[in-house]
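Asks: Quick one: this structure, given as structure tokens, is what I'll be asking you about.
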Amino acid sequence: MKIGIIGSGKIGGNLGKHWAKAGHDVLLSSRHPEELGSLVKEAGKNAKAVSVTEAFEANADVYLLAMPFKAIDKIAELYAGEYSNKIIIDATNPYPQRDGEMAREVRDANYNASEYTAMKFSTAKTVKAFNTIQAEHLKDRAFEDRDRLTVPYAAQDEASKSIAKQLIEDIGFDSLYVGNLSDTRIMDPDQAIYGKSLTHTELKKVIDSVNAY
């Protein structure tokens, strides 16, 4: 698959490296693509650095959102013509101390953060994934054969569900489907599985205990 990484920090950069290693065609983007040389070198021959505009113009199959939450509105508006009918993997989190009032409003709303992203990227299919795992574990625990960590995810339809599962498992993590986007409050900051790096059995136990109430 061709994957456009929007925001190449700790989450986007490491996912880009892992997916390139797994054989995917990866476009690592940022506002300053000229600063991504060392990251591209680490990622290898399947990766290259581009601007955010170039990433969207490249007609990727999947786009990973790994930039600050406050950028969602602008990105969604600027590139509405490019991401239509694509799969958007939302790895963002609303942090009011960083993202300002819009993040606080989303965290206090009667919808969750992934539903907000899906509303903004309304012509795409939104998946929520990679926002709960700790960055150092995402970096260091990929491609393990034993005691694999599990990445929870949610999706809007069967096609996006299938691709999300594949992209998680392609890089050596187990996957656990938590439901549709309305079920992702549990993945948001300060909620039950946020910041947790767990095995499949451990993660399912936490989710089941929350859903029991």
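The values are calculated or read from the model by the stated rules, or taken from the named source; none is laboratory data. A quick note: this is a predicted structure, and the numbers were derived from the prediction, not measured. Heads up, the Cβs are rebuilt from the backbone with ideal geometry, glycines too, and the neighbour counts pull from every protein chain shown. Surface areas here come from the heavy atoms of the whole protein model, side chains and all, with no ligands, DNA or RNA. Shrake-Rupley method; radii C 1.70, N 1.55, O 1.52, S 1.80 Å.
Asks: Check residue 197 against each of (1) open to solvent by 70 Å² or more (accessible area, probe 1.4 Å); (2) at negative phi and name the one condition it does not meet.
Replies: Every listed condition holds for residue 197 apart from (1).
Asks: Pairs needed: first member in the stretch 56-80, touching a residue at least 24 places away in the same chain (Cβ under 8 Å); second member anywhere, part of a strand (DSSP E or B) and basic (Lys, Arg); C-beta distance under 8 Å; at least 6 residues apart or different chains.
Replies: Matching pairs, first to second residue: 58/2; 59/2; 60/2; 61/2; 62/2.
Asks: Would you check if there is a residue in the stretch 136-155 being within 22 Å of residue 72 (Cα to Cα) and surrounded by fewer than 19 Cβ atoms within 10 Å (Cβ to Cβ)?
Replies: no
Asks: Can you name the condition, by its number, that residue 195 falls short on among (1) more than 15 Å from the chain's Cα centre (by Cα); (2) closer than 22 Å to residue 67 by Cβ; (3) small (Gly, Ala, Ser)?
Replies: (1)
Asks: Next up: Do the conditions hold for residue 209, that is, is it over 13 Å from residue 129 (Cβ atoms), open to solvent by less than 40 Å² (accessible area, probe 1.4 Å) and of a type in the set (S, T, N, Q)?
Replies: no
Asks: Can you find a residue in the stretch 107-117 that is without any contact (Cβ under 8 Å) to a residue 60 or more places away in the chain, buried (at least 19 other Cβ atoms within 10 Å of the Cβ) and within 12 Å of the chain's Cα centre (by Cα)?
Replies: yes
Asks: Six or more apart or on different chains, Cβ atoms under 6 Å: show the pairs whose first residue is in the stretch 156-177 and modelled with pLDDT under 95 and whose second is open to solvent by less than 50 Å² (accessible area, probe 1.4 Å) and not in a helix (DSSP H, G or I).
Replies: So the pair list comes out as 156/126.
Asks: May I ask you to list the residues in the stretch 122-143 that are of a type in the set (Val, Ile, Thr), in contact with a Ser or Thr (Cβ under 8 Å, 6 or more places away or on another chain) and more than 17 Å from residue 161 (Cα to Cα)?
Replies: 133
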